[in-house]
1. Which one of these is crowded, with 20+ Cβ neighbours inside 10 Å, of a type in the set (Gly, Ala, Ser) and modelled with pLDDT of 95 or more: Ala157, Ala97?
2. So which residues in segment 70-95 are part of a loop (DSSP other than H, G, I, E, B) and under 22 Å from Asp29 (Cα atoms)?
3. Considering only residues that are of a type in the set (Gly, Ala, Ser) and under 23 Å from the mean Cα position of the chain (by Cα), look in segment 274-287 and name the one that is nearest to Ala157 (Cα to Cα).
4. Among the candidates Ala199, Ala185, single out the residue that is assigned to a helix (DSSP H, G or I) and in contact with a Leu (Cβ under 7 Å, 6 or more places away or on another chain).
5. Would you mind stating whether Val49 is at pLDDT 95 or above, assigned to a strand (DSSP E or B) and within 26 Å of Tyr201 (Cα to Cα)?
6. For segment 9-31, enumerate the residues that are within 23 Å of Leu148 (Cα to Cα) and in contact with a Phe, Trp or Tyr (Cβ under 8 Å, 6 or more places away or on another chain).
7. Please determine whether any residue of segment 102-110 is surrounded by 21 or more Cβ atoms within 10 Å (Cβ to Cβ), at pLDDT 95 or above, within 15 Å of the chain's Cα centre (by Cα) and not hydroxyl-bearing (Ser, Thr, Tyr).
8. Return the residue satisfying two criteria in turn: it lies in segment 220-235 and is over 24 Å from the mean Cα position of the chain (by Cα), assigned to a helix (DSSP H, G or I) and not small (Gly, Ala, Ser), and of such residues it is farthest from Leu110 (Cα to Cα).
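The values are calculated or read from the model by the stated rules, or taken from the named source; none is laboratory data. Everything quoted here is computed from the prediction, not taken from an experiment. Cβ sites come from the backbone with ideal geometry, for glycine too, and all protein chains shown count toward neighbours.
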Amino acid sequence: MVSGVPERVHEYRNHHLDSTRWDGFVARDDDIVVTTAYKAGTTWTQRIVASLLLGPVPIGLLQESPWIDARFHGPVAPILARLDAQQHRRFMKSHLAADGLRWFPQVKYLVVGRDTRDVFMSLWNHYSAYTDIAYALFNDADCPGPALPRPPASVRAWWPRWISEGWFEWEPDGWPFWSHHHHLATWWEWRDLDNVLFAHYGDLTSDARAEIERIATFLGIEVADDAWPALLKSVGIDTMREQARGGGDPMSIWFEGGAARFFYQGSNGRWRDVLDEDDLAMYHAAAATLDPTLRAWLEGGRHAVNME
């Protein structure tokens, strides 16, 4: 562990990210930021927070809980203006590591992680489904740095590069997006701060109510016993798929197959049928560079490291 608070030492700007979009953000005392590298339950956690704050009702996450550092979501000024106009407790999304996101001591940071191999499998589903429209938005004339390339022919063809090469020079993995390991490692340094909570995708999958109770306690929210059935139903994958299809399935602009492709299986362990011994040797080499307790948490969840 280190002393102090996180410092923003890197600028993350590529086909997806622009960390400078947070420069105009003005924090409130009860703000919430959900941060993941990717494909670790970001939207799921946003839905959970939405249900805790606003009740189990359909909302448009893009409007109510914007991904501020997404440069392809248009100018940031209107996004910040909509946030300024919100009267309820605000909750935003970020995919920035702790060394790239502005730090606000009054903000609650909810960090969500998942086994690296499961993240990879989910990200492949995501990456291989992008539409031509999505590539045009990512790789527009203002794209900083190289364009996002099309995916290779197969998931295993991508694995060696994703697990061992970073897009940013300070990152060890994640090409051509950004690093899963670096993101979690930077936040792991600050896991003992009162305004930081780590939640694990596997724990949410195995005991959703227990994990949501942890999140609610962290956010200072009480949930009545009779409210749980509706809340849990509202954050189920089938409900989220149906809500995402609202208005003609707008996700079809981004993904072949739309919401059904975005909210794919939601299962863990699919990598066991894909990665062979040589692939797993690459994983073990990459994971060996992590703090051993972080690796144990990523592979086994909070019970593996006694994070109560």
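1. None of the others qualify; the one that does is Ala97.
2. Just the residues of segment 70-95 that are part of a loop (DSSP other than H, G, I, E, B), to begin with: 74-75, 86-90, 95.
Once the filter is applied, which keeps residues that are part of a loop (DSSP other than H, G, I, E, B) and under 22 Å from Asp29 (Cα atoms), segment 70-95 yields Gln86, Gln87, His88, Arg89, Arg90, His95.
3. Top of the filtered list is Ala286.
4. Working: Ala199 fails: assigned to a helix (DSSP H, G or I).
The unique qualifying residue is Ala185.
5. Taking the combined requirement at face value, the residue does not satisfy it.
6. His10, Tyr12, Asn14, His15, His16, Leu17, Asp18, Ser19
7. Yes.
8. Asp226
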